[in-house]
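To keep things clear, I will list the structure first and then write my remarks on it.
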Amino acid sequence: MDFGFWRYMFARHQFCWWPDFTQIFPSKPRSTATLLYNHGFIFNELEKINELRNRLAHHEPICFANSIHTKDTTYARNNYSKMKTIFQWMDIDEDALLYGLDHIIKVCAEIDTL
């Protein structure tokens, strides 16, 4: 299954068949009155990660500020952080999972010095 399939498992119309699909995130924070960590929140976070994935797949730039010609690695760094957070919420050791593949921060730092 592709990433879009899993993202849409948290879409509003999917709630009818399994209302508490968020159980796959045993370590996610508890909701508060001002911030709900529910299906909608997770769907939105996965949507941002999926947008990054699509930009990479279509060879679109990810290190520029708001489509202007100023380099900025904030977008890449923020989405990388979201991915690692999702892994943590699933009780996945993200460092072990990404061992040998994780060069994002190093590459972003190199881009920042250009």
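The values are calculated or read from the model by the stated rules, or taken from the named source; none is laboratory data. The structure displayed is predicted, hence computed values, not measured ones. Positions of Cβ are backbone-derived with ideal geometry, glycine not excepted, and every protein chain shown enters the neighbour counts.
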message: Considering only residues that are at pLDDT 65 or above and surrounded by 13 or more Cβ atoms within 10 Å (Cβ to Cβ), which ones fall in region 8-23?
response: Tyr8, Met9, Phe10, Ala11, Phe21, Thr22
- line: Residue hits (region 19-37; without any contact (Cβ under 8 Å) to a residue 40 or more places away in the chain and of a type in the set (Ser, Thr, Tyr)) are Thr22, Ser31, Thr32, Thr34, Tyr37
- prompt: What's the number of the condition Thr34 fails, among (1) assigned to a helix (DSSP H, G or I); (2) at pLDDT 90 or above?
  reply: (1)
query: Hey, which of the helices (runs of 4 or more DSSP H) in region 67-114, taking only ones fully inside, have at least 3 residues that are out of contact with any strand residue (DSSP E or B) (no Cβ under 8 Å at 6 or more places or on another chain), without any contact (Cβ under 8 Å) to a residue 60 or more places away in the chain and under 18 Å from Phe41 (Cβ atoms)?
result: 74-89
